[in-house]
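Okay, so here's the structure we're looking at.
Rule-based calculations on the coordinates, nothing more; no lab input. None of these values were measured; they are calculated from a predicted model. Cβ: placed from backbone, ideal geometry, glycine included. Neighbour counts: every protein chain shown.
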Amino acid sequence: MTPLEQIIHRQIERFGLMPVSEYMTLCLLHPEHGYYITRDALGAQGDFTTAPEISQMFGELLGLSLAQAWLDQGQPPEFTLAEIGPGNGTLMVDILRATKGIPNFHQSMQLILVEASSAMQARQKSALSDYDVCWIDNLSHIPPKPLFLIANEFFDCMPIKQFRRTNEGWQEQMIGAKDGSLHFALGKAVDPDAFPQAKDMEIGQMFETSSASAAHAEAIARHIGAFGGAAIIIDYGDWICNGDSLQAIKDHKKIDVLTDCGLADLTAHISFRDLSTSAESFAHVSAMTTQGVLLERLGITQRAQSLAVTMTGDVLENHITAHNRLTHPSQMGDLFKAIAIVPHGKPLPAGFTA
Ligand code: SAH
């Protein structure tokens, strides 16, 4: 049993069944044993690889798209460039390199990284040692000026709650402990009309909600609606995600979500409908697009070709594979989706449609 598993067992013995949301928060961000606190999570040596870790092209193209939105909004002379959940800092490094040549962009920006884990902050600090960066641990500290923000694979680690439709109505799926191991158990029934958007789901099916995701989407849209700016959100999921999407990844493989607490990355699929609903009272939300289509619209093939000119051998092979991984429908191209958020009446960042 991992030390965190012991803590979880004790909490369940004391307080009873634990909601999945609390389990995710403990596994990911427990101050001593949480996954993002202790593990070298990202990259080939870590447990999972994100798009910016695959190729520099991802951050370059998205950085230019955000910078285009800044130009379209009249180049506000003071703005925040932010990433929420910046991982190793690779995405922001690529965004900054690609936007260096845009007159006044770097001179006008305040660079802010929103990161909950001090261990991840330390990694970001070394990746971004050439820049003046300010770290905050939640969005409420974003300064009152236009905000140009990117979030890649951030929302998937937001805690979710799971509900199963039963003959009793909706019952929350909880986590119990017995004979030294954790197991799923259904909690008390909640109002059968609690989730009107899931009213057609059959008995036995599962529905997931994330109040943390909704609160983050709302905070980003509220800020952009009030002060200007643009956000690009990319993650794996779909417009509507029904079913049980909770998964644990360790050493690039799926494992049982109730074992190796604190040693595996725990994520859930994003329902972009829910993100959009939370955001759209405050700002305009684009149509959802797939990552593959977005990157093609931003010119990834031309960029790949121009980078390839000086490459040979394994480097060239890896570059071609990376392009394919990011864009091909059978790889990340279709699995990952994107939306953009801008103030009502302002143009969307390049690559997005209304
Ligand atoms: N965007 C990066 C890495 C994503 S991994 C990339 O594309 O490579 C998820 C990141 O979100 C990690 O840095 C993790 O520490 C951070 N994180 C997790 N929960 C968070 C929270 N509640 N607030 C801020 N950051 C969080």
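Details
- Alpha-carbon centroids, region 50-68 and region 72-111: separation in whole Å: 12 Å
- Mean Cβ count within 10 Å, highest first, over the residues of peptides 90-101, 9-20: 90-101, 9-20
- Residues in region 30-66 reached by a label modelled at Leu335 [backbone nitrogen below 19 Å; 7 Å Cα→Cβ]: 41-59
- Ranked packing of 123-131, 230-238, 21-29, 69-77, most packed first, by mean Cβ within 10 Å: 230-238, 21-29, 69-77, 123-131
- Rg and Dmax over the alpha-carbon atoms of the chain stand at 20.7, 64 Å.
- In summary, the convex hull built on the alpha carbon positions of region 127-193 has an orientation-averaged projected area of 9.6 nm².
- Highest-first arrangement of 295-305, 309-319, where packing means the average Cβ count within 10 Å: 295-305, 309-319
- Bridge type composition, the chain - antiparallel percent by DSSP, nearest 5: 60 percent
- ³J(HN,Hα), Karplus 6.51/-1.76/1.60, whole Hz, each residue of region 168-173, x for Gly, Pro: 7, x, 10, 10, 6, 7
- Around the amide H of Val190, modelled in the peptide plane, lie the amide H atoms of Trp170, Gln171, Glu172, all under 5 Å away and 5 or more residues distant in sequence or on another chain.
- Most positive-pole-ward Cα, Ile175, Gln11, Thr312, against dipole of the chain from beta carbon charges: Thr312
- Amide H contacts under 5 Å for Asp244, placed H, 5+ residues apart: Met206
- Eligible lysines near Lys188 by straight Cα distance, threshold 16 Å, same-chain separation 8 or greater: Lys161
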